[in-house]
Amino acid sequence: MSYQPLIGVDAAQVPQEEFDQELKNKHFQYTYDNGWKYEFHVPNDKRIVYSIHGGPMAGRHNFQTCYYQRVRKNLWQVNWLEETGTVVSLILDIENKRITTFMAFSQGHWEHPEQAHGDKREDLERWRELSRIGIATNRYLITEQASIDEIFEGRGDLPDISLDLPTL
């Protein structure tokens, strides 16, 4: 049986000109108010590449199919579903250098964070197994805010990811 976690997507059209000006090829390094450190790069309007440097998920390096919605100038909602079953939605306030995040960790992802460490290109099957622990409503919910420490162009030290690789 093939692994098909998505049964459908109804995503809003990304306003391309605004996306290109405000997000494309931008790199964000940020620290949550609880001390967790993250970074992500926006290579295009369908992907996000990220790395986690602090907190229980430190050591996780990943890339996802991502859904971007522009709220207004320099304010974006960024959403994705991870192969572990975790759902992430964040509000990226570029102007005020703040991020507001809602994360719904799957039971497997939250209870076995060390198994979610690594690089998707090597660990995808192990990560998918985490999504199968518990039922869909078994979630650990986190709401957090972060300060953006740095914004720059390019992927920085994040790996160069082929956009052809599967994300779920």
| request: Starting at the first residue of the stretch 43-49, write each ³J(HN,Hα) from the Karplus equation 6.51 cos²θ - 1.76 cosθ + 1.60 with θ = phi - 60°, in whole Hz, x for Gly and Pro. | output: x, 6, 7, 10, 9, 9, 10
| Which residue, 69, 16, 145, tops the fluctuation ranking in a GNM of the chain built on C-alpha contacts under 10 Å? | 16
| note | Relative to the compact-globule estimate 2.2 N^0.38 Å (N residues), the Cα gyration radius of the chain stands at a ratio of 0.99
| request: First compute the accessible area of the chain with a 1.4 Å probe, then give the percent of it belonging to carbon and sulfur atoms. | output: 50
| Which value, in debye to the nearest 20, describes the size of the charge dipole of the chain about its Cα centre when Lys and Arg Cβ atoms bear +1, Asp and Glu Cβ atoms bear -1, and nothing else is charged? | 300
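Count of lysine pairs in the stretch 16-153 with Cα atoms under 17 Å apart, counting only pairs 8 or more residues apart in sequence or on different chains? Could the numbers behind the result be given before it?
On the way: 24/46; 24/73; 24/97; 26/46; 26/73; 26/97; 37/97; 73/97.
Within the stretch 16-153, the lysine pair count is 8.
Okay, helix-only estimate at 222 nm for the chain: each DSSP H run of n ≥ 4 adds -39500 (n - 2.57), divide by all residues, round to 500 deg cm²/dmol; what do you get? Can you show the working numbers first?
Working: 3 runs with 23 residues, N = 168.
One gets -3500 deg cm²/dmol as the mean residue ellipticity at 222 nm.
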| task | Apply the Karplus parameterisation 6.51 cos²θ - 1.76 cosθ + 1.60, with θ equal to phi minus 60°, to every residue of the stretch 130-145 and state each ³J(HN,Hα) to the nearest whole Hz, in sequence, with x for glycine and proline. | result | 5, 6, 8, 8, x, 10, 4, 8, 6, 9, 10, 9, 10, 10, 9, 10
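Just the number please: accessible area per residue for the chain, 1.4 Å probe, all protein chains included, in Å². All intermediate terms of the calculation are to be shown ahead of the outcome.
Values: 8670 Å² over 168 residues.
It amounts to 52 Å² per residue over the chain.
Need one number: % antiparallel among DSSP beta bridges in the chain, to the nearest 5.
Working: 50 of 52 bridges.
Percentage antiparallel, nearest 5: 95.
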| field | Pair residue 96, residue 18: separation of 7 Å Cα→Cβ label points (nm) | value | 1.8
| said: I need the shape label for the stretch 92-145. Rule: rounded when a/c is under 1.5, else prolate if a/b > b/c, else oblate, with a, b, c from the alpha carbon gyration tensor. | reply: oblate
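The values are calculated or read from the model by the stated rules, or taken from the named source; none is laboratory data. Please read these numbers as outputs of a predicted model, since none were measured by experiment. Using ideal geometry, Cβ is built from the backbone for each residue, glycine included, and neighbour counts are taken over all protein chains shown. Note: accessible area is taken over every heavy atom of the protein model, side chains too, but ligands, DNA and RNA are not part of it. Shrake-Rupley method; radii C 1.70, N 1.55, O 1.52, S 1.80 Å.
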